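A.B. asks: I have a structure I would like to understand better, so I am pasting it below and will then ask my questions one at a time.
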Amino acid sequence: MTTLEFLGAAGTVTGSRFLVRTQEATVLVDAGLFQGAKRDRLANWEPFPIDPALIDAIIITHAHIDHSGWLPGLVRDGFRGAIFATPTTRKLCGVLLPDAAHLQEEQARFTNERGFGKHHPALPLYTTEDAANTMPLFRSVDFETPTEVAPGVVIRLTPAGHILGSSSVHLKITENERSTTLLVSGDLGRGNHPLIPGPSVPPSAETVLVESTYGDTRHPAAEQDVAELAQLIRKTAGRGGVVLIPAFAVDRTEVLLTVLRDLMASARIPRLPVYVDSPMALRVLQIYRSAAAEGDPLVCRPAIADRLASADSAIDQFDPGGGLHECMSVEESKSLGELTAPAIIISASGMASGGRVLHHLARLLPNPRNSVILCGFQAAGTRGRALVDGASSIKMLGRYVQVRSDVMMLNSLSVHADCDELCEWVESLETRPRTVFVVHGEQDASAALALRLRELEYNAVTPRQFERVRLP
Ligand SMILES: [Zn+2]
């Protein structure tokens, strides 16, 4: 009997973990961390539902922490199998996982110093040592290359167009000479990403898991959204203010730099200095630069590689107006507090849940000259969501900060497909699946997408957390 268990990302957007079991093999697709609201984060402390030593292989769709961030925990608790992912996902995990571990250690240290925590001493979820022990278990799998990951389980990764290296996973699972197929969408992109190609049509499967981050939302047209972005940057520069963009270190920073570069090149915004203040974002930027230079059309849009190789490649693809400043050190970050002329700061984290961006927000939010631009999904319970929802003050670094700056939400640069695009992805499959499980969305979003798919006569359901089903 082949079974599928929803160990996360069911009724919530984070903690992607899907377990496939046969008599001969136990395979986990994604090993994500729960993020966002406290109720979700507490789920990270629950014991993993099965002994990690019993898992033969893990497949990671993409490097985002809500898909890969529990790997060090599983390795610490006894997982010794192989972790399969595309080469770029592997490289990105090499930056993200140690950083996630470092963040956990910092938080535990902070809690212990202040004596806030309920637990004494507060412990990190996992350590940088656990993250370091995870990386040697990775095995690279190229796109469109069938690979056996465990007895009777053959995977094929297809481009998902979400972030660099992101994939959908098709699994052919054979048990007692009978086979079933399962397709996990991973996070799906939109096809309009300036740097990476859109999602490919993956092979059909009897059972399909589709993400639903924006299962109830239609993104605005990019043109109009970028025009509003340009207008706000002009307005802010005109009144001598600073534009702060909290951005996810992976992908958002690269896309924003490309958009700003194009806006400056076409004189739609003035040439302002752009500061990227996130060591992790800067390390990720190097991985994007080298992927673009390698020129694999499944990984990076050929136009980007061409531009890099062309005569004017002295101008960095990711350097808007020649004014890019990479702030690696804490001193460089602190010096941004002295900025007196208009500038753009891009800093992590994207939902303002932590990181250097908090110091910039605390300084810039109270002044109406400045602007804060949020882009990408803002989970319920985060400061980013509170800002989008129009909060008049936000708690950070232990105090309440008044919000008097302009706040804008930039939706069109989303790396996630919207509800129409998610339906199109399901409909693009050559054969109709028997069942579509709608996962990786807040409850309303998942329910809305499932309803739309049922209207299109799919057998679409929203699984519950820890639900277990038999595969056909
Ligand atoms: Zn993602």
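A.B. asks: Name the residues in the stretch 82-103 that are more than 18 Å from the chain's Cα centre (by Cα) and either part of a helix (DSSP H, G or I) or within 16 Å of the ligand (Cβ to nearest atom) (or both), would you?
C.D. replies: Answer for the stretch 82-103, where residues must be more than 18 Å from the chain's Cα centre (by Cα) and either part of a helix (DSSP H, G or I) or within 16 Å of the ligand (Cβ to nearest atom) (or both): just HIS102.
A.B. asks: Which of the strands (runs of 3 or more DSSP E) found entirely inside the stretch 141-239 contain at least 2 residues meeting this: within 16 Å of the ligand (Cβ to nearest atom) and open to solvent by less than 20 Å² (accessible area, probe 1.4 Å)?
C.D. replies: Values: elements: 147-150, 153-159, 167-175, 178-184, 207-211.
Per the criteria, 153-159, 167-175, 207-211.
A.B. asks: Still on this model: Considering (1) open to solvent by 10 Å² or more (accessible area, probe 1.4 Å); (2) hydroxyl-bearing (Ser, Thr, Tyr); (3) away from the ligand (no atom under 16 Å from the Cβ), say which one SER412 fails and leave the rest.
C.D. replies: (1)
A.B. asks: Right, something else. Can you name every residue in the stretch 15-32 that is open to solvent by 10 Å² or more (accessible area, probe 1.4 Å) and closer than 26 Å to MET351 by Cα? Reasoning before the result, please.
C.D. replies: Kept after step one, since they are open to solvent by 10 Å² or more (accessible area, probe 1.4 Å), are these residues of the stretch 15-32: 17, 21-24, 26.
If the condition is that a residue be open to solvent by 10 Å² or more (accessible area, probe 1.4 Å) and closer than 26 Å to MET351 by Cα, then ARG17 is the only one that fits.
A.B. asks: What are the pairs with Cβ atoms under 6 angstrom where one residue, in the stretch 57-81, is open to solvent by less than 10 Å² (accessible area, probe 1.4 Å) and away from the ligand (no atom under 16 Å from the Cβ) and the other, located anywhere, is assigned to a strand (DSSP E or B) and of a type in the set (A, V, I, L, M)? Sequence gap at least six, or different chains.
C.D. replies: The qualifying pairs are ALA57/VAL27; ALA57/ALA82; ALA57/VAL149; ALA57/ALA150; ILE58/LEU28; ILE58/ILE83.
A.B. asks: While we're here: Scan the stretch 82-99 for residues that are closer than 27 Å to THR253 by Cβ, open to solvent by 10 Å² or more (accessible area, probe 1.4 Å) and small (Gly, Ala, Ser) and jot them down.
C.D. replies: GLY94
The values are calculated or read from the model by the stated rules, or taken from the named source; none is laboratory data. The structure displayed is predicted, hence computed values, not measured ones. With ideal geometry, Cβ positions are generated from the backbone for all residues, glycine too; neighbour counts draw on all protein chains shown. The area values use the complete protein model at the heavy-atom level, side chains included, leaving out ligands, DNA and RNA. Shrake-Rupley method; radii C 1.70, N 1.55, O 1.52, S 1.80 Å.
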